[in-house]
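Below is one structure, written out as structure tokens; the observations come after it.
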Amino acid sequence: MTAVLEAPTNQRVTQVRVFRSEWTKLRSLRSTVWSLLAALVLVIGLSILVPAVRVAHWPPPDPNDARNFDPVATSLGGTFLAQMAIGVLGVLLMTGEYATGMIRATFAAVPRRLPVLWGKLGVFGATALVLITPAVLVAFFIGQSILASKHLDTSFGKPDVARAVFGSALYVVAVGLLGLGLGALLRNTAAAISTLFGALFVLPLIVRLLPSDWQSHVSRYLPLNAGSAVTNLHNDAGSMAPWSGFALFCAYVAVVIGFAAWRLLRQDT
Amino acid sequence: MIEARGLTKKYGDKVAVDDLSFTVQPGIVTGFLGPNGAGKSTTMRMILGLDAPTSGTVTVNGKPYRDHVAPLHEVGALLEARSIHSGRSAFNHLLSLAQTSGIPRSRVEEVIDAVGLREVAKRRAGGFSLGMGQRLGIATALLGDPRTVILDEPVNGLDPEGIRWIRSMLKGLAAEGRTVFVSSHLMSEMALTAEHLIVVGKGKLIADTGMDEFIAGASRNVVRVRSLDNLALAALLVAPDVTVKPADDDALEVSGLTTDQIGLTAGGAQITLLELAAQQASLEEAFMDMTHDAVEYRPTTTTGAER
């Protein structure tokens, strides 16, 4: 054989280059841009709508309702919808490549495959965080300014308020990464989206059918309850502490991503 | 250079690729020929590390594809079905792949011009015709200025002008010393571009040979002879490995002898020849002969009647 041309180092695949590639992929799909915009509009829109309704109907007829009033959650109602938009987007970033066949071109360019998974997680996680954090902050301040008319507002400096506000942003981003992990694991849009929403929203309904002494043991560890502990201003005695709940949710996400990485390396595309 | 050794792929108990061993040399166009379902695409996916072989190995330029640090510079590939996200523009598709290897934007522009997609580069690839999709796939394959080019059915969906363009491009790439491996189920297409052939049927290697030898080796190579005394000539020519058959119109079809040998024999016996012509089998006929038993999905008259 003739002298083997060593590949010039300027065409090496590196993790940084894969990040750049995944950023191009993320920003060049209209569906991605619209989903992210929808999440922002929902977060900010509901921070006007929900507090306005509370203020207009204050005080509530039920005194318990007034006692449990959470000014942070009232201003951040949009994050419930945003988690769905971001979660579905996370799924699509991965399953969209499988559905279109793009995954073959992607893995031909990055045959070691795992850098693609890290690239998508990093780029999507960072993008979601950079967009959702300011949106949640803006929503908080808009909400508080509306609640102030009935002196229901709180301030950023009060205990646990900043934690609940930033925690809401982190929780939404983590749901997005869970969606991405499920997309990589299941490789099918319908399967991944139904698994995501099943794990988040259907599991609590099923647990409610169990004997009540079981419920108290199981319920707090469910993904939704563990993950959203960090978003609540006041957690009741049955739920996990804010950061340990969020840590458990991140552990669930990590397990899903671990299985996804394992399947990515082991199975044909 | 691509080297496959004992390459085998099973899906359950169905064998898609069965103990394939071959070498694809640089500097020439090598055709990968076989009927649909013969295992060509599976083999190509295994070369690229997209599918793992059940057993056996395949290397590109001495290493498994996955172990190359600069994969796009080693192999550029056009894969069977379109491997393009339909929502992304051609330009962004190419850019995202180029960026994985630090290939500059200017190179993306270059390949877009090379395949003639300049006008539509900013449009969503989902709206592309089959031919435009193929051109985009070929642009993808050329991005990294690869030493080895693998194209699965590249002429599918191309117009005659596009097909001519592909042919000259493939020959050009080979002339530059690159390894060019092109699959097709169209024998006539291979006859015009490939110098070497790897023929598969039902996942098995049927032939690994030069194009000329492939055609020459086909069983249909016969010499057509017409003379004033066919009977006497036939008697003279017949030998253990020579067959002589009467053709439809007063002529003989002789296999196992060259035109020279027949002419000399006839001359020696003073038999006047009226016609003496080698009937070279087309690649198509040679292929049909060789893969006769290796066609997986043969239509039968009963299933044909269902339509």
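The values are calculated or read from the model by the stated rules, or taken from the named source; none is laboratory data. Everything numeric here is computed off the predicted structure, so don't read it as measured data. Backbone-built Cβ (ideal geometry, glycine too); neighbour counts: all protein chains shown.
Residue B:30 meets the conditions (1) within 14 Å of chain A (Cβ to nearest Cβ); (2) within 22 Å of residue B:193 (Cα to Cα); (3) not acidic (Asp, Glu) in every case but one. The failed one is (1). Just one residue in the set B:114, B:90, B:70, B:121 is under 21 Å from residue A:103 (Cα atoms), surrounded by fewer than 23 Cβ atoms within 10 Å (Cβ to Cβ) and out of contact with any strand residue (DSSP E or B) (no Cβ under 8 Å at 6 or more places or on another chain); that residue is B:70. Restricting attention to region A:10-23, does a residue exist that is more than 14 Å from chain B (Cβ to nearest Cβ) and either assigned to a helix (DSSP H, G or I) or hydrophobic (A, V, I, L, M, F, W, C) (or both)? No. Criterion applied to B:242, B:238 was being loosely packed, with under 15 Cβ neighbours inside 10 Å, farther than 20 Å from residue B:216 by Cβ and among the β-branched types (Val, Ile, Thr), and the one residue passing it is B:238.
Within region B:126-162, the residues that satisfy the criterion of being under 19 Å from residue B:172 (Cα atoms), over 19 Å from the mean Cα position of the chain (by Cα) and surrounded by fewer than 19 Cβ atoms within 10 Å (Cβ to Cβ) are B:145, B:161.
Could you tell me whether residue B:227 is in contact with a helix residue (DSSP H, G or I) (Cβ under 6 Å, 6 or more places away or on another chain) and under 26 Å from residue B:145 (Cα atoms)? Answer is no for this residue.
For (1) more than 7 Å from every other protein chain (Cβ to nearest Cβ); (2) farther than 23 Å from residue B:41 by Cβ; (3) of a type in the set (Lys, Arg), each residue gets a yes or a no:
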{"position": "B:56", "(1), (2), (3)": "yes, no, no"}
{"position": "B:63", "(1), (2), (3)": "yes, no, yes"}
{"position": "B:74", "(1), (2), (3)": "no, no, no"}
{"position": "B:86", "(1), (2), (3)": "no, no, no"}
{"position": "B:93", "(1), (2), (3)": "yes, no, no"}
{"position": "B:96", "(1), (2), (3)": "no, yes, no"}
{"position": "B:103", "(1), (2), (3)": "no, yes, no"}
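Scanning region B:163-198 for residues that are over 12 Å from the mean Cα position of the chain (by Cα) and small (Gly, Ala, Ser) yields B:168, B:172, B:174, B:175, B:177. Close contacts from region B:261-280, counting a first residue that is closer than 16 Å to residue B:232 by Cα and a second that is part of a loop (DSSP other than H, G, I, E, B), with Cβ to Cβ under 6 Å and a gap of 6+ residues or different chains, come to B:271/B:229; B:272/B:228.
The lone criterion from (1) buried (at least 19 other Cβ atoms within 10 Å of the Cβ); (2) closer than 30 Å to residue B:125 by Cα; (3) within 19 Å of the chain's Cα centre (by Cα) left unmet by residue A:13 is number (3). Just one residue in the set A:114, A:137 is over 18 Å from residue A:80 (Cβ atoms) and aliphatic (A, V, I, L, M); that residue is A:114.
Just so you know, in region A:100-135 the residues that are facing chain B (nearest Cβ under 9 Å) and aliphatic (A, V, I, L, M) include one that is surrounded by the most Cβ atoms within 10 Å (Cβ to Cβ), and it is A:108. Restricting attention to region A:24-38, which residues are more than 12 Å from chain B (Cβ to nearest Cβ) and touching a Ser or Thr at 6+ places or on another chain (Cβ under 9 Å)? Residue satisfying the conditions is A:36 alone.
Taking the criterion of being closer than 20 Å to residue B:184 by Cα and either within 12 Å of another protein chain (Cβ to nearest Cβ) or surrounded by 20 or more Cβ atoms within 10 Å (Cβ to Cβ) (or both), the residues of region B:36-49 that qualify are B:38, B:39, B:40, B:41, B:42, B:43, B:44, B:45, B:46, B:47, B:48.
Looking at region A:146-165, is at least one residue surrounded by 21 or more Cβ atoms within 10 Å (Cβ to Cβ) and within 22 Å of residue A:247 (Cβ to Cβ)? Scanning region A:146-165 turns up at least one residue that is surrounded by 21 or more Cβ atoms within 10 Å (Cβ to Cβ) and within 22 Å of residue A:247 (Cβ to Cβ). Within region A:87-126, restricting attention to residues that are part of a helix (DSSP H, G or I), in contact (Cβ under 8 Å) with a residue 60 or more places away in the chain and β-branched (Val, Ile, Thr), the residue that is farthest from residue B:139 (Cα to Cα) is A:88. Residue count for region A:66-83 under the criterion of being assigned to a helix (DSSP H, G or I) and surrounded by 12 or more Cβ atoms within 10 Å (Cβ to Cβ): the result is 12.
Only one entry in A:129, A:170 is in contact with a Phe, Trp or Tyr (Cβ under 9 Å, 6 or more places away or on another chain), under 30 Å from residue A:96 (Cα atoms), assigned to a helix (DSSP H, G or I) and not small (Gly, Ala, Ser), namely A:170. Tell me, yes or no, whether region A:196-206 has at least one residue that is of a type outside the set (Asp, Glu), farther than 19 Å from residue A:175 by Cβ and surrounded by fewer than 20 Cβ atoms within 10 Å (Cβ to Cβ). Yes, there is a match, as at least one residue in region A:196-206 is of a type outside the set (Asp, Glu), farther than 19 Å from residue A:175 by Cβ and surrounded by fewer than 20 Cβ atoms within 10 Å (Cβ to Cβ). Given the condition at pLDDT 95 or above and in contact with a Gly (Cβ under 6 Å, 6 or more places away or on another chain), answer yes or no: does some residue in region A:145-163 qualify? Taking every residue of region A:145-163 in turn, none turns out to be at pLDDT 95 or above and in contact with a Gly (Cβ under 6 Å, 6 or more places away or on another chain).
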